[in-house]
Structures are given as structure tokens and as C-alpha cells.
Amino acid sequence: MNTTNASKRHFLKAGLAIGAAASTGLSGNLAFAQDKPLVTLRMSSTLPLDANSAHYVWYSRFAQNLKTAVGNKIVVNYFPSDQLGKESDVVNQVRIGSVDMMISGSSIWSTTVPEIGVLDMGYLFANLDHSGRALDGKAGAILSKLMVDRIGVQVLGWAYSLGARNVFTKNPVRSVAELKGTKIRVLPVKNFVSTLRYMGAVPTPIPFGEIYTSLQTGVVDGFEHDAPTALAGKFFEVAKYCALTQHIYNPQTPVIGKRSFAKIPADLQKAFLDAATEATMYQRQRAADMERDAFEKLKGLGLTVSTVDREALRKDVAPLWGEFTTQYPAVKPVVDEIVAMRG
């Protein structure tokens, strides 16, 4: 046997095997690269991951839209229940880009852009539909621009709370008079505190995550929120009465920091924004039905619901509007636009 020819044949076989292995490896790497997201973002929420959460309804639809539009190129991971920190801390993290996105009530942003607090003034909106129509127009445009210009945070939509905010209590509140002096948990922001004070209650600012224990221990007599949140948080276990004050319809506000938005390739930014816009419209459509269903479930779990004189409460709260627009003249056209669209 010619040892030289045998060596050549061995060398060629070895070379072909190495080439095939290299080709297979390259193909595998390409497939991996195609599946790997171009951008991965983190989104914070203070509410639990629950079908009755206004935040999760928005996020789940947004994630579905994004997947349909761009596949795995952009992935937004959702962190509910303050996993990334309390709202007051996450606000600053979104500004600097250490947390990319956040969904919350608009109220928390008034801690950095005080004018946003206009949306927390009691009895500003007549109902959910009124808030949507107003914020899709000039009023929302003014407030969105303030957010971008002042703190570099972009509003992705003005979604709905899942119904009006009402007062839930441990003892019955069946009239405006019975609300007087009641200690009610509120968001730790200016116009929530002012609204409840004008309504005659004793507003007590407490973080969302401490509502249940504060009710249990008697730190507060009640809290104010929408019905689906009361259901999701199981607050009905310690507050079995609800007064239909319907005092605030503040929007739920998904946002992204300017630095984080810049991570998204330019050719994918429109798809990202479109996914958010459609999620906002979808979440709005669900809101009224979810409020009704939540109240039915809460009643079945022992909640007693009472009506109160909302017109009397609206008159009590009216002085707040003048005070706030005098202090922050930039929001006067926002209020004027909202009032003009009330009909």
C-alpha cells in the first residue's frame, strides 16, 4: 500500500469533516443570532400580575402586538408588584435609564413634573370616555410635551384606570356626612391628598404595598381605588364597604425613558410605538366591562356598595381647581380643553 496516498486520503477526509463541523457550527450560530433579541427592556409596575390589573391588561396586549410586529427583535420583560422598587424610586430610574419602562397611574409623575397633577384634581373628568377624548387631543399633547422636555420621559399612551376611584372602608359610609373625618389611604401626591381633604376625609399617604396591613392594623379606616384593583389586591377582606364617590378618573400611563427608547433601532421604533398605541385602545375598551365584573365579584364576596351625593362632593372640591391653575398657569389650557370636551 502506498503510504503517501493513504495519508492524502486521510488528510482530505479530516479536512472535509472539519469543514462540515465548521459549517454546522456557523449555521447554528446564525440561527441563535436570529433568535436573540436586538433589544431587551425592563418594565416596572406596582400592581400584581393579575387579570384584574389595569397595568397587566395593557402590557399583555402590548407584548402580543410587539411579538406580531417584530418577532423577538424587541423583548419587554414585565416586573409587577414593585419587584424593581417602589414607584417613587422607579420614576428616577426611568429618567436615567436604569429601568427602561414603567406603567403607573399618572399621579406619580407629578412628583417630578408637578403640572401632571392636574389629572388628579377631583371631578375633573365626567367619566372614562371623557378622559380618553380629552387626553387624545390638545390636553394630552401639552402634558406629554412637558414630560419629554422636562425629564426626558416619553408617554406611550393615556390608558384608563379600570373604572372610577371610589372610597372603600371598614365601616359603612353612606353619605357625605359619614365620610367626614374618615382616615383614607391615598397616593402620596399633592392633588390626591387635596381632593380627599376637600371631600372631608382625612387623607393618609401610604405606599400601595402597605394598604392591606394598614387596614388590618387600623392605621387607616379605608382606601380609595378602582374596583378591579380592590379585587386583585384582596382588599375586600379587610374593607367590606364601598361609597361610590367616583371622584377621580386619572389615567394609567405607560412610559419609556428617552435613553431607553434610543436603544431601539430607528427602523423598529414606529412598530414599537404602534404596538403601544393599539394596546392603549384595547385596554380602554376593556375598562368599563372589567369595572362592572369586578363589582359583581366583590358584591358576591360580601362588599356592600352605597351611593353618595357626588354633586355635593364636586362642589366641595371645586376650589382646588382654581388653586392649582393659579399655582401652575401652564395647565390652565389643559383644564379649559378638558372642560370644553365634557359634553
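The values are calculated or read from the model by the stated rules, or taken from the named source; none is laboratory data. Everything numeric here is computed off the predicted structure, so don't read it as measured data. Here the Cβ positions follow ideal geometry from the backbone for every residue, glycine too, while neighbour counts run over all protein chains shown. Remember, those area values only see protein heavy atoms, side chains included, never the ligands or the DNA or RNA. Shrake-Rupley method; radii C 1.70, N 1.55, O 1.52, S 1.80 Å.
Summary of computed values
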| item | result |
| --- | --- |
| Rg to Rh, two decimals, where the chain supplies the alpha carbon set and Rh follows Kirkwood | 1.18 |
| Distance violations [Cα-Cα > 19 Å] among Lys86/Lys145; Lys36/Lys67; Lys145/Lys258; Lys73/Lys270 | Lys86/Lys145 |
| Whole-number D in µm²/s for segment 75-167 (Stokes-Einstein; Kirkwood sum over Cα pairs; 20 °C, 1.002 mPa s) | 150 µm²/s |
| Where the chain is the region considered: accessible area per residue in Å², 1.4 Å probe | 45 Å² |
| Cross-link reach list, lysines versus Lys240, counting only Cα pairs under 16 Å and skipping chain neighbours closer than eight places | Lys170, Lys183, Lys297, Lys299 |
| Arg259/Asp289 FRET efficiency (R0 41 Å; Cβ-Cβ; nearest 0.05) | 0.65 |
| Label-to-label distance, nm, for residues given as Leu244 and Lys36 (7 Å Cα→Cβ offset) | 5.7 nm |
| Bridge type composition, the chain - antiparallel percent by DSSP, nearest 5 | 50 percent |
| Percent accessible area from carbon and sulfur atoms, the chain, protein chains only, probe 1.4 Å | 56 percent |
| Computed label-point distance, nm, for sites Glu296 and Ser81 using a 7 Å Cα→Cβ extension | 2.8 nm |
| Options Gly257, Met147, Leu47, ranked by Cα towards positive dipole end of the chain, top entry (Cβ charges) | Gly257 |
| Two-site label geometry, Lys138 and Gln216: point separation in nm, points 7 Å out along Cα→Cβ | 5.1 nm |
| Contour minus Cα-Cα distance for Arg314 and His130 (0.36 nm per residue) | 64.6 nm |
| Those lysines that a straight Cα-Cα span of less than 20 Å connects to Lys138, excepting residues fewer than 8 apart in one chain | Lys332 |
| Total formal charge among the other residues, if their Cβ is under 13 angstrom from that of His55, Lys/Arg +1 and Asp/Glu -1 | -2 |
| Quotient of Cα Rg and 2.2 N^0.38 Å for segment 177-261, N being how many residues it contains | 1.20 |
| Kyte-Doolittle mean at least -0.5 and Cα axial length at least 30 Å: DSSP H helices in the chain | 3-35 |
